[in-house]
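The block underneath contains the structure these notes are about, expressed in structure tokens.
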Amino acid sequence: MVTLTEVLEVNWIILYFVYGQVFFVTGLVTGLQWRRRSELELARPLPWLAAFGIAHGLNEWGYIFVPLQALYLDDSVVRLMVVSHLLLLAVSFFFLFQFGVELMLPALPRQRWLRALPATVLLGWGAAVFLRTTLVHDSLDSLVAIGDGWSRYLLAFPGAILAHLGLLRQARQMRDRDLLPIARYLRGAAVAFSVYALVGGIIVPTAPVFPANLLNYALLDRTIQLPAPVFRSLCGMAMAFFMVRSLEVFQVETDRRLESMEREQLLAADRERIGRELHDGIIQNIYAAGLGLEDAQHLLTPSPGLAKQRIGSVMEGLNRTIHDIRNYIFDLHAKEQNLGLERVLEDLVEALRLDTLLDVDLEVGGDRCCTLDPGAIAHVEQIVREALSNVVQHAGAQRVAVSLEYLGEQTRLSVTDDGRGLLPLPGDNGDKQGYGLHNMQARARLLGGNLTLESNPGRGLRLVLTVPCTLDKKPRV
């Protein structure tokens, strides 16, 4: 019976090709996703991770390229290629070590000397290999195995451990920023690096030095009957997945910057509008009242009755101005409260983008002419959350659109997807989707609103919630 180990040994070219491709793609994607101007701590060390992925991927492809070239080239050229291949392996681990150090440096501000540690260790590794060559005169295969093992002990293992600790620290920072999906991906990447510290930094090729003569690939083959590159490939896949998903934090950062810029522009526009409206309306009325009082002052002696009448007219004008000011303050308060609902929807949409591969859009339309109280906003949030959850679990959709519209005396919110539509539901058998729809309808009734579903099988579903405004637009004076 053919074992899995034998199959992998026969197809070793495919194994090393996939292994190299995983790391190369990880490095390439990391380099492309890197944001030079990002304010996140995670951004600064990423070029080192990209360099590690690309260099290590090329190194793994070297296990295919060098033996093939050995069939056609002179022995001296092949020996030079083997030595270069070993040097590339050590350099790739140097990049990993530097990545781990850079991740940890912000937590160790007084230990800047650590930045030079990976280069120092790399030079020490090179000196140790050179001395071994001159003093012991090992065969080339033994020397390569020894150099491979030392590079993993001295560079790969500490680099992977530091990367593990640094990514856990970054995960805590993302959790503090309320970016829980990013924090989960960073923790997953940290676990992948910790496993790689074992399978890539401790388990090494068999070599005539301790501990490589005990803990090596041969031991792994005897006990688990799987080649070491298989485990390293799995670690590489985990690193690639979790790191690529973690890098979505840069898109979140960009979205938040754009949102902040938009808010600043809206705030500047509001300031200009408020100043213009105060100047054109309320300030002009107060100025007119001042002129009326001045005129009444001149009439006090010659015509007291007319002065009294003029003062009464000014008081009526001031009362109207007070009424206008109160209405104006109420409108500003209503708009600010509605911004709370919009931020809730933005958070829900952003979380769905991070947790799934769905294309999710949010659109806000109409003037913020009315408002919803905090209790109503909480009900709306749960309705939208349940609707989006149904899309993920049942719809099989690729695109979701969330729309919020202010329509004078009511607010309309819709969630539209391009999935399979609303499937027939059992009556009262505890079906989760049916129970969720029942809860949404109950919340809509509590809001005094209306919830409708528009669906055609295979053509998606549109959920529409209409809620009346809860605050009177004309407060008492």
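Read-outs throughout are calculated quantities, based only on the coordinates presented, and are distinct from any laboratory measurement. From a predicted model like this one, the values you see are computed outputs, not experimental measurements. Glycine also receives a Cβ, built like all others from the backbone with ideal geometry; neighbour counts cover every protein chain displayed.
Between Gln382 and Leu135, the FRET efficiency estimated from the beta carbon spacing at R0 = 56 angstrom works out to 0.15.
When ranked by the protection proxy of mean other Cβ atoms within 10 Å per residue, highest first, what sequence do the peptides 87-97, 21-31, 174-184 form? All intermediate terms of the calculation are to be shown ahead of the outcome.
Details: 87-97: 23.5, 21-31: 20.4, 174-184: 17.2.
Order by mean packing, descending: 87-97, 21-31, 174-184.
Quick check on the exposure proxy: order Met104, Met440 from fewest to most C-beta atoms within 10 angstrom. Before the final figure, lay out the partial values.
Values: Met104 17, Met440 22.
Ranked by crowding around the Cβ, least crowded first: Met104, Met440.
Quote the FRET efficiency, to the nearest 0.05, computed for Leu214 versus Leu117 with a Förster distance R0 of 30 Å and r equal to the Cβ-Cβ distance. Don't skip to the answer; put the middle values down first.
Numbers: r = 27 Å, r/R0 = 0.92.
Efficiency, rounded to the nearest 0.05: 0.65.
Net length available on complete extension from Glu342 to Ser38 is 106.9 nm, with 0.36 nm assigned per residue and the Cα-Cα distance removed. Using a 7 Å offset from Cα along Cα-Cβ at Leu198, what residues in the stretch 228-245 end up with backbone N under 17 Å from the label point? Residues 228-239 qualify, since their backbone N sits under 17 Å from the label point.
Full extension of the chain segment joining Gln251 with Asp178 gains 24.8 nm, where the gain is 0.36 nm per residue of separation less the Cα-Cα distance. Applying 1/(1 + (r/R0)^6) with R0 = 60 Å to the Cβ-Cβ distance of His438 and Ile286 gives a FRET efficiency near 0.60. Taking packing as the residue-averaged number of other Cβ atoms within 10 angstrom, the listed peptides 118-126, 218-226 run from highest to lowest as 118-126, 218-226.
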